[in-house]
Amino acid sequence: TSSVFSLYNDTATNGNASTYIAYCWAPIAGYSAFGSYTGNGSSDGPFVYTGFKPKWIMIKDTTTGGAGYDWFIWDSARNTYNPVDHAIWANLTDAENTTTMMDILSNGFKLRLSSSAMNKSGDTFIYAAFAEYPFKNGNAAIYNIN
């Protein structure tokens, strides 16, 4: 619901003598966006509208049998221009991946590869995105007129 989440009786998420962490976020216009998209398997991947230029994006394949169960993270601090091709994993200790590509745009992001881990055709992917300039209408230009 909007105020409660349930774990049910699944040992993967609610096992005895195990410790779990839950991160519960809510979208805030101009600051954060959360949702899902469906992969198309193309190097001209889906565009995801966030309403702001993302600073940080995390994606995970949620489809059973999907090739990518890892959490991929991109940011604009390590990649200062498109395509953004440096990803790290939230759930692994592997070295930075430099073959994953997306464009970080003024109003969202667009996948730029056919990788099954981030864009497998028909799979559902969830995402979390946080704004580069976190305030309402943060993608608007600021001009100084003298």
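The values are calculated or read from the model by the stated rules, or taken from the named source; none is laboratory data. Source: prediction; values computed, not measured. Backbone-built Cβ (ideal geometry, glycine too); neighbour counts: all protein chains shown. In case anyone asks, the SASA skips ligands and DNA or RNA and just uses the protein heavy atoms, side chains included. Shrake-Rupley method; radii C 1.70, N 1.55, O 1.52, S 1.80 Å.
Structure values in brief
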| item | result |
| --- | --- |
| Any strands (runs of 3 or more DSSP E) falling wholly within segment 1-103 and containing at least 3 residues that are touching a residue at least 60 places away in the same chain (Cβ under 8 Å) and among the aliphatic types (A, V, I, L, M) | 54-61 |
| Residue satisfying all of: in segment 101-115; of a type outside the set (Lys, Arg) and under 11 Å from Asp85 (Cα atoms); most open to solvent (accessible area, probe 1.4 Å) among these | Met101 |
| Filter result for Tyr69 (of a type in the set (Phe, Trp, Tyr), over 28 Å from Gly122 (Cβ atoms) and open to solvent by 40 Å² or more (accessible area, probe 1.4 Å)) | no |
| Lys60 touching an Asp or Glu at 6+ places or on another chain (Cβ under 6 Å) and either open to solvent by less than 90 Å² (accessible area, probe 1.4 Å) or of a type in the set (A, V, I, L, M) (or both) | no |
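Matching residues to (1) within 11 Å of Phe125 (Cβ to Cβ); (2) surrounded by fewer than 18 Cβ atoms within 10 Å (Cβ to Cβ); (3) out of contact with any Phe, Trp or Tyr (no Cβ under 6 Å at 6 or more places or on another chain):
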| residue | (1), (2), (3) |
| --- | --- |
| Gly45 | yes, no, yes |
| Thr50 | no, no, yes |
| Ser76 | no, yes, yes |
| Tyr81 | no, yes, yes |
| Ala87 | no, no, no |
